[in-house]
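These notes are about the structure you will find just below.
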Amino acid sequence: MNIATLLAVGSGGFIGASLRYLINNYISHNYPHTLPYGILFVNLFGSLLMGIMFGIFIFTTFFSQDARIYSFITTGMLGALTTYSTFAMESFILLHSGHYGLAALNMLLNLFGTILFAAIGYLGIKFIFSYFSF
């Protein structure tokens, strides 16, 4: 990796994270509901864009296969917009290549593992703050 690629990822990440904030904020304020529609939209839309970009990079020379542009858009912008899009694309690639068991394992671990680890983090902090005073 070189500094130009690192800067491409970082600047794409800034744009993606800013878009996630703006989109989620807009949807959450204009369509309030118990289900977090803003994040759901960002995850679905980001996954769609990741699939589109992956197809463009694989099947065309539109972006001339420049690693910096690819990294800016996919890892940076879409990765920061939603890391779910990367998970979705990697799961699709496993399915598409016939690795059904690995795809299922990847999906199960990412879906339930992330929820489990979020719960472990939350409950760990809850335990610490309920038994110790800072």
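Hey, does segment 29-46 have a residue that's closer than 22 Å to L95 by Cβ, within 14 Å of the chain's Cα centre (by Cα) and crowded, with 18+ Cβ neighbours inside 10 Å?
Checking segment 29-46: at least one residue is closer than 22 Å to L95 by Cβ, within 14 Å of the chain's Cα centre (by Cα) and crowded, with 18+ Cβ neighbours inside 10 Å.
Restricting to segment 52-70, name every residue that is part of a helix (DSSP H, G or I) and exposed (fewer than 15 other Cβ atoms within 10 Å of the Cβ). Please lay out each step first, then the result.
Start the filter on segment 52-70 by keeping residues that are part of a helix (DSSP H, G or I), which leaves 52-59, 67-70.
Once the filter is applied, which keeps residues that are part of a helix (DSSP H, G or I) and exposed (fewer than 15 other Cβ atoms within 10 Å of the Cβ), segment 52-70 yields I52, G55, I56, I58, F59, A67.
Can you find even one residue in segment 125-132 that is within 22 Å of the chain's Cα centre (by Cα), farther than 30 Å from G55 by Cα and of a type outside the set (G, A, S)?
To start, the set of residues in segment 125-132 that are within 22 Å of the chain's Cα centre (by Cα) comprises none.
No: zero hits.
Name every residue in segment 25-83 that is among the aromatic types (F, W, Y) and closer than 23 Å to H96 by Cβ, in order of residue number.
To start, the set of residues in segment 25-83 that are among the aromatic types (F, W, Y) comprises 26, 31, 37, 41, 45, 54, 57, 59, 62-63, 70, 72.
Matches in segment 25-83: F45, F54, F57, F59, F62, F63, Y70.
I need the full set of residues from segment 13-40 which are farther than 16 Å from A80 by Cβ, of a type in the set (F, W, Y) and in a helix (DSSP H, G or I), in order please. Before you say what the answer is, go through the steps one by one.
Residues of segment 13-40 that are farther than 16 Å from A80 by Cβ, as a first pass: 26-37, 40.
Checking the rest, the ones that are also of a type in the set (F, W, Y) come to 26, 31, 37.
Hits for segment 13-40 are Y26, Y37.
Only one of these conditions is not met by F87: (1) more than 30 Å from A8 (Cα to Cα); (2) hydrophobic (A, V, I, L, M, F, W, C); (3) under 14 Å from the mean Cα position of the chain (by Cα). Which number is it?
(1)
All of the numbers you see were taken from the coordinates with simple rules; none came from a lab. For clarity, every value in this text was computed on a predicted model and none was experimentally measured. Heads up, the Cβs are rebuilt from the backbone with ideal geometry, glycines too, and the neighbour counts pull from every protein chain shown.
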